[in-house]
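Working notes, beginning with the structure itself.
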Amino acid sequence: MATQTVPLAESRILRAYWEKTPRSRELHIRAAALLPNGYLEPYPIYATRASGSHKWDADGNEYVDYFGGHGALILGHNHPVALGAIQKQVALRSHYGASHELEICWAELIHKMVPSAERVRFTNSGTEATHLALRLARAFSGKNKIVRFSGHFHGWHDHVSFPPGGAEGIPRGAVDEVLFADPNDVRRVEELLSTRRDIAAVILEPTVATFGTSPTGSEMLRALRGLTSRFGVLLIFDQVISVANPGAAACRRANWRHRCICILMSRASTWTRRARRPTNRRRNSSGMT
Ligand SMILES: Cc1ncc(COP(=O)(O)O)c(C=O)c1O
């Protein structure tokens, strides 16, 4: 049967959306004057409140919230236990600008769930976590190149936010430091690692990438672990949004979501021991075994 394409402006779905969301449309027009590209087609809903698995927009429409805070809200909105804990802490201060015991408790909890995370560094965003992880990998190995998989997302800094070939605004120097492989293409990784001596790290989303459409299988992870160990290259698991941690069954059981954590895994104990004594780095640059 032949399909007929309806121009977007004539779509019944779109018309119903316009009729139900006039206040969101007004807000969108206001936003478009000031906020560059910060909206969806034809315009997003503007939310006013959310609770549990539902949210409401500026026109009073109620929605089941499948966004779930872009995956962050595994407990839903305003879970009473989470809310109570947040309210208790907010009442204690605005911003200490100092260390406090809870950050140690949090790090200890992470270490318990992911024993290979021997040192824990908190960052404000996933972008900063991967930025820091790549910088550490380069500093430690004394090498510059990074291997990435196309379609795997690691944030917005200059070494990760472009497809093969580069993008406007990304310096050529940054593009040249990144080598690409197709997802799950272990042969390509082997070819790169076996023929080059300038690779600091391989970074990937170890569970699933590209909006859940590109899974990384456990065979691939095992192969990468083996290859990177063999060639003395760091392996970075970017689990900023993954619920499951392939390296820690405990995390799976707890359904725990790593937020803003990059797990650097390459002979982890060797890595941390040496990272504490970063001497002879250049001398070791041919491998870290
Ligand atoms: C796998 C992965 N890495 C890094 C990031 C970047 O995190 P952020 O948006 O906090 O900078 C994201 C964001 O969704 C992500 O999914």
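Please work out the FRET efficiency for the pair Ala107 and Ala223, using the Cβ-Cβ distance as r and a Förster radius of 45 Å; give the result to the nearest 0.05.
On the way: r = 31 Å, r/R0 = 0.69.
It comes out at approximately 0.90.
For Ala201, what charge total do you get from the other residues with a beta carbon under 12 Å from its beta carbon, if Lys and Arg give +1 and Asp and Glu give -1? Before the final figure, lay out the partial values.
Details: positive: Arg135, Arg138, Lys143, Lys145, Arg148; negative: Glu177, Asp198, Asp238.
In short, +2.
Listed by chain and number, the lysines whose C-alpha is less than 26 Å from the C-alpha of Lys112, apart from same-chain residues fewer than 8 away, are Lys88.
Considering all alpha-carbon pairs of the stretch 12-93, what whole percent are spaced by more than 19 angstrom? Each step should come with its number before you reach the end.
On the way: 1718 of 3321 pairs.
So the portion of pairs separated by more than 19 Å is 52 percent.
Applying 1/(1 + (r/R0)^6) with r as the Cβ-Cβ distance of Glu41 and Ala72 and R0 = 22 angstrom yields a FRET efficiency of 0.35.
Taking 0.36 nm per residue of separation and subtracting the Cα-Cα distance, full extension of the segment from Arg15 to Arg49 would add 9.8 nm. Quickly work out the Ala98-to-Asn61 label distance, labels modelled 7 Å from Cα along the C-beta direction, and quote it in nm with one decimal. Result: 4.9 nm between the two label points.
Bear in mind that the values in this text are calculations on the coordinates, not laboratory data. Everything numeric in this text was worked out from a predicted model, so none of it was measured. For neighbour counting, all protein chains shown are included, and Cβ atoms are generated from backbone atoms with ideal geometry for every residue, glycine included.
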